[in-house]
Every structure is written in C-alpha cells, then in structure tokens.
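Please read the structure below before turning to the comments.
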Amino acid sequence: MSKHIVLLPGDGIGPEVMAEAVKVIKALELDITFEEKLVGGAAIDATGSPLPADTLEACKHADACLLACVGGPKWAGAAYDKRPEAGLLGLRKEMDLYANLRPAIVFDALIDASTLKPEIVRGLDILIVRELTGGVYFGQPRGITDIGNGERRGVNTQVYTTSEIRRVAAKAFELARARGGKVCSVEKSNVMESGLLWREEVTKLHAEQYTDVQLSHMYADNCAMQLLRTPSQFDVIVTDNLFGDILSDEAAMLTGSLGMLPSASLGAGRASLYEPVHGSAPDIAGQNKANPLAMILSLAMAMRYSLGAPEAADRIESAVKKTLADGVRTADIGPNPVSTAAMGDAVVARL
Ligand code: NAD
C-alpha cells in the first residue's frame with residue numbers, strides 16, 4: 001500500500017540536509033509519495049505562524065512526518081508563541097507524540113569521536129524512550145509567586161497517571177522485542193511518589209503482557225553513572241520526561257557527534273515525527289557544510305517504525321556505515337571534509 005510522508009525542512013541547515021534525505025527516498029524506489037510543508041521561522045516569514053493550519057492538517061494525515069530543524073537568530077527576540085520552536089512544540093502537542101525515541105549508536109568508523117575509551121563504547125546500540133507529554137514540564141501547579149518579606153517561591157509539579165505510564169512503557173517493551181529484548185525502567189522511586197507509581201505500573205504491565213522481555217529497574221542517578229561506566233549493559237531505557245531529557249543527551253554524547261543523531265517521536269496510531277537531534281546550526285547554514293547523516297538516519301527510523309519498510313531502514317543504515325567506513329566525512333566528523341550534497345551522494349551510491 002502506498003505511504004505518504006510530509007517533509008518539513010524548517011530553517012537554517014534544514015533545507016540542505018532535507019534535500020539529501022529526499023535523494024535517498026527517491027533512490028529507494030518504494031511506493032512512497034511526499035510533500036513539503038512550512039514550519040518554524042520559514043512558516044513565520046510566509047504566513048505569520050510557526051505552525052500553519054495546513055501544515056498541521058497534512059502532518060495529522062501522513063504516515064510519517066520528517067522534520068529537519070527550526071530556529072535562528074532572526075526570530076530569537078519574538079514572543080514565545082511566535083518563535084520557530086513554537087511550531088515544533090505545537091506539532092508534538094497537537095499530535096500527542098508521547099514517546100520520544102533517541103538511539104545512541106556508535107559507528108566503528110567514528111569510535112574516536114567519543115570522549116570515552118573505545119573499549120567502553122565499541123558496538124554501542126542503546127535506545128532511550130523518553131515520555132514526552134507529561135511529567136514536571138507540564139504538571140500543575142507551576143509558577144513563581146511572591147511570598148512576602150522579599151522571598152519568592154518557584155513551583156513545578158511532577159505528575160504521572162497510570163495510563164500515561166502504561167502507554168510509554170508498552171512502546172518500550174514492543175521496541176525491545178524487535179531489538180535486544182531488554183528494558184531498563186528508570187525513576188527515583190526511593191524519593192518520589194510519582195517514581196514509585198512509575199515502577200509499580202511498569203512492573204504490572206510487564207507481568208500482564210510482556211514477560212518475554214527482560215525488565216530491570218534503576219534509579220535515575222545510578223543510570224546516569226552506569227551510562228558512562230558500562231553503557232553496553234543497556235538495550236532499551238524507558239523513563240519520564242525530565243530524566244529522559246537529561247539521560248538522552250548524556251547517551252547521545254557517548255557517540256560524540258551531534259550531526260549523526262536521529263530521533264523519533266511517536267503517538268497513538270500513525271502519529272509520528274522523525275527529526276535529527278541537532279538544531280538549525282545558523283553558524284554554517286547555507287554553506288553546504290552540514291552533516292546530513294542525522295537527517296538520513298531519521299528517515300531510516302521512519303522506514304522502520306512508520307512506513308512498514310524495515311528492509312529499507314537496514315539498507316539506509318548499512319549505506320551510512322559503509323560511507324563512514326570508506327572515510328567519507330563532513331567537517332564536523334573529520335579531516336578533508338566533503339560537502340553536504342557530496343555526503344548525500346556518497347550514501348545514495350552505497351544504497
Ligand atoms: P545546533 O544543534 O543548531 O548547533 C550546535 C553546534 O553543532 C553548532 O556549532 C553547529 O554548527 C553544529 N551542528 C549542528 N548540527 C550540525 C550538522 N548537521 N552538521 C554539522 N554541524 C552541526 O544548536 P544551537 O546552536 O544551540 O541552536 C541553533 C538554533 O537551533 C536555535 O535557534 C535553537 O533554538 C534551534 N534548535 C532547534 C532544534 C530542533 O529543531 N529540534 C534543536 C536544538 C536547537
């Protein structure tokens with residue numbers, strides 16, 4: 001059955017890296033159609049809104065959405081709801097994308113890019129599943145109040161419900177089934193009630209439906225330490241919004257290079273958004289220098305998780321590995337760099 005992708009190039013290096021993903025889509029010769037829509041600063045300039053209604057509508061009906069990046073100094077002074085980032089946050093919210101997937105994979109050819117010793121990170125392949133729409137970033141009450149005598153009080157509320165925990169844990173268990181078969185659930189149940197509920201609900205769901213997956217539990221502070229000590233002990237890590245924010249960035253840096261990191265955000269049904277972890281890199285925008293591999297690897301994730309084409313995902317990932325093994329580098333990952341377009345061509349040549 002034909003699949004449809006919405007492409008959101010966004011700002012800065014976005015259009016440059018997206019063009020390389022488009023080359024890959026075309027080279028795969030699958031039954032996939034695609035259309036481009038505006039988001040972020042580009043959408044503000046054209047329509048006044050960072051998330052125009054027709055973009056949101058198209059994204060809601062697509063089999064997968066592929067976003068490059070948004071933002072830049074041009075829009076930095078605007079009100080929060082008129083900034084490019086509001087387009088991205090709006091998409092996540094409107095599509096109820098509650099599970100954020102951040103793989104941390106170390107490619108053999110780039111093992112020296114990590115600040116950790118090669119023997120610690122060799123062959124690393126971790127997937128962090130972060131709850132994205134609940135927890136302390138959204139909990140009420142929140143705010144800063146004046147409590148007199150020159151004192152102020154800042155409040156945020158960490159809050160989770162059974163269904164919020166179960167749906168993200170279910171995603172983690174299902175992903176683990178297709179990978180190494182292990183889930184580590186991470187919270188602070190020793191000091192937080194929301195963490196205790198998290199642990200209880202994950203344990204219950206596991207016993208009900210996922211006993212074929214190996215489940216372990218870990219406190220978030222220990223997990224932060226274990227990620228640096230023996231990262232290879234992990235397969236899938238599932239955790240809340242706040243701990244996931246921090247631990248996924250930590251895991252990302254085990255790989256050593258921002259231009260290589262894809263991500264996915266999944267909701268119910270077909271709702272999905274695939275995007276590189278990096279931003280719009282205004283310092284190198286328009287110079288044909290950006291590394292398109294995070295964008296291309298995000299496309300591979302879309303093939304695997306939303307477009308029913310896992311063999312296409314394997315082909316893309318193998319082509320990227322081969323490109324790196326052959327010594328092709330953009331400026332962020334090595335000497336004698338090639339351009340963005342040449343990196344995309346090199347991947348296509350190896351598909
Ligand atoms: P950034 O990720 O854009 O850039 C950080 C550094 O990494 C820069 O030196 C940049 O040149 C480099 N870099 C990033 N991606 C690269 C790539 N593909 N190839 C080579 N080098 C790359 O982060 P920043 O500078 O903090 O933010 C710039 C803008 O991007 C801001 O407006 C920020 O709000 C936005 N941003 C957007 C997203 C997103 O769209 N998801 C994420 C982070 C930041």
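The values are calculated or read from the model by the stated rules, or taken from the named source; none is laboratory data. Small disclaimer: the values here were computed from a predicted structure and weren't measured. Because the Cβ atoms are built from the backbone with ideal geometry, glycine has one as well, and the counts that use them run over all protein chains shown.
Look through Gly286, Gly279 and report the one residue that is under 25 Å from Val39 (Cβ atoms), in a loop (DSSP other than H, G, I, E, B) and in contact with a strand residue (DSSP E or B) (Cβ under 6 Å, 6 or more places away or on another chain).
Being under 25 Å from Val39 (Cβ atoms), in a loop (DSSP other than H, G, I, E, B) and in contact with a strand residue (DSSP E or B) (Cβ under 6 Å, 6 or more places away or on another chain) holds for just one of Gly286, Gly279, which is Gly279.
Determine which member of the set Lys171, Lys182 is crowded, with 16+ Cβ neighbours inside 10 Å and either of a type in the set (Lys, Arg) or not assigned by TED's automatic domain parsing to the domain that holds Val213 (or both). Of Lys171, Lys182, the one residue that is crowded, with 16+ Cβ neighbours inside 10 Å and either of a type in the set (Lys, Arg) or not assigned by TED's automatic domain parsing to the domain that holds Val213 (or both) is Lys171.
Based on this model, can you work out whether Ala309 counts as within 16 Å of the ligand (Cβ to nearest atom) and farther than 14 Å from Pro262 by Cα? No; evaluated as a whole, the condition is false for this residue. Evaluation of Met260 against the conditions (1) buried (at least 19 other Cβ atoms within 10 Å of the Cβ); (2) away from the ligand (no atom under 16 Å from the Cβ) shows that the sole unmet condition is (2). Set side by side, the residues Ala302, Ala264 differ, and just one is at pLDDT 95 or above and outside any strand (DSSP E or B), which is Ala302. When residues of segment 305-351 are filtered for being in a helix (DSSP H, G or I), farther than 13 Å from Ala27 by Cβ and of a type outside the set (Val, Ile, Thr), how many remain? Going through segment 305-351 one residue at a time, the tally reaches 14. Filter segment 61-88 for residues that are within 12 Å of the ligand (Cβ to nearest atom) and charged (D, E, K, R); which is nearest to Ile25 (Cα to Cα)? Restricting to residues being within 12 Å of the ligand (Cβ to nearest atom) and charged (D, E, K, R), the top hit is Glu85.
Is it the case that some residue within segment 313-325 is of a type in the set (Lys, Arg) and within 14 Å of the ligand (Cβ to nearest atom)? Explain how you work it out, then say what you get.
Start the filter on segment 313-325 by keeping residues that are of a type in the set (Lys, Arg), which leaves 315, 321-322.
Of the ones still in play, those that are also within 14 Å of the ligand (Cβ to nearest atom) are none.
No, there is no match, as no residue in segment 313-325 is of a type in the set (Lys, Arg) and within 14 Å of the ligand (Cβ to nearest atom).
When the helices (runs of 4 or more DSSP H) confined to segment 177-258 are screened for residues that are at pLDDT 95 or above and of a type in the set (Lys, Arg), those reaching at least 1 such residues are found at 193-209, 220-229. Selection of strands (runs of 3 or more DSSP E) fully inside segment 1-97 by the criterion of at least 1 residues being more than 18 Å from the chain's Cα centre (by Cα) returns 3-10, 32-36.
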